[in-house]
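The numbers here are math on the coordinates, done by the rules we state, and not lab data. None of these values were measured; they are calculated from a predicted model. For neighbour counting, all protein chains shown are included, and Cβ atoms are generated from backbone atoms with ideal geometry for every residue, glycine included.
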């Protein structure tokens with residue numbers, strides 16, 4: 001794959017991941033949206049998926065990129081550039097939110113009970129990836145108009161259900177943004193990253209088994 005062919009995909013992934021992370025950091029971390037933060041986050045995710053899904057697949061999430069590749073719907077050569085772009089976009093969004101948009105910049109690290117947080121991140125990352133594989137990569141649902149809404153509603157449900165338990169990330173790029181924002185400490189990163197990637201791998205197996 002040439003640089004010219006992947007560039008539009010990376011730009012799309014950067015924009016989508018950036019605005020997702022920016023909304024999370026501003027609306028949830030810094031509290032601009034209060035109790036409505038999950039709705040702001042889901043809305044941003046949905047419109048970004050519909051905006052650039054035809055360009056890059058609208059992964060915005062390293063766990064999704066790995067899963068879509070293992071499912072056979074993403075080129076191997078795209079995986080590393082996608083993940084690097086997603087992580088970078090999340091970190092930049094966190095910095096901009098902290099230094100430009102946030103009114104309240106004092107952030108306390110999230111106090112997570114390890115077992116509960118591991119379970120929360122695993123279960124809803126699994127749900128997210130499984131839904132994505134079915135609505136956005138399956139031949140049986142090809143051409144549907146509901147893929148963006150379906151994916152966004154999983155994130156909304158997860159944020160409302162377990163946001164107070166784990167932070168409701170379900171996404172290594174978002175976890176990176178939360179780390180840059182000071183919500184997650186370095187010693188706690190594994191509580192997010194291990195279940196997120198593990199859930200993505202198992203979601204691929206579940207998808208293949210049900211086809």
Sticking with the crude label model, points 7 Å out along Cα→Cβ, report the distance from residue 7 to residue 210 in nm, one decimal please.
4.0 nm
Pop the C-beta distance of residue 140 and residue 189 into the FRET formula with R0 = 35 Å and round what comes out to the nearest 0.05.
0.45
At a Förster radius of 35 Å, what calculated FRET efficiency corresponds to the Cβ-Cβ distance of residue 73 and residue 43, to the nearest 0.05?
0.85
Be a star and scan the stretch 173-194 for residues whose amide nitrogen sits under 18 Å from the point 7 Å along the Cα-to-Cβ vector of residue 114.
184-194
Ranked from fewest to most other Cβ atoms within 10 Å of their own Cβ, 122, 36 fall in the order 36, 122
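Taking the mean number of other Cβ atoms within 10 Å as a proxy for protection, how do you rank 43-50, 176-183, 16-23, 72-79 from highest to lowest? Don't skip to the end; give the middle numbers.
On the way: 43-50: 19.4, 176-183: 23.2, 16-23: 25.2, 72-79: 14.6.
Answer by packing, highest mean first, reads 16-23, 176-183, 43-50, 72-79.
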Would you work out if the stretch 74-186 is rounded, prolate or oblate? Take a ≥ b ≥ c from the square roots of the eigenvalues of the alpha-carbon gyration tensor; rounded if a/c is under 1.5, else prolate when a/b is larger than b/c, oblate otherwise.
prolate
What spacing in nm lies between the two simple spin-label points modelled at residue 201 and residue 105, each 7 Å away from Cα in the Cβ direction?
4.0 nm
Of (1) 15.3, 43; (2) 15.9, 48; (3) 21.4, 71, which is the value of Rg and Dmax of the Cα atoms in Å derived from the coordinates here?
(2)
With a 10 Å cut-off between alpha carbons and a GNM built on the chain, which of 173, 28, 199 moves the most?
28
Percent relative contact order for the chain, counting Cα pairs under 8 Å at least six residues apart, stands at 30 percent
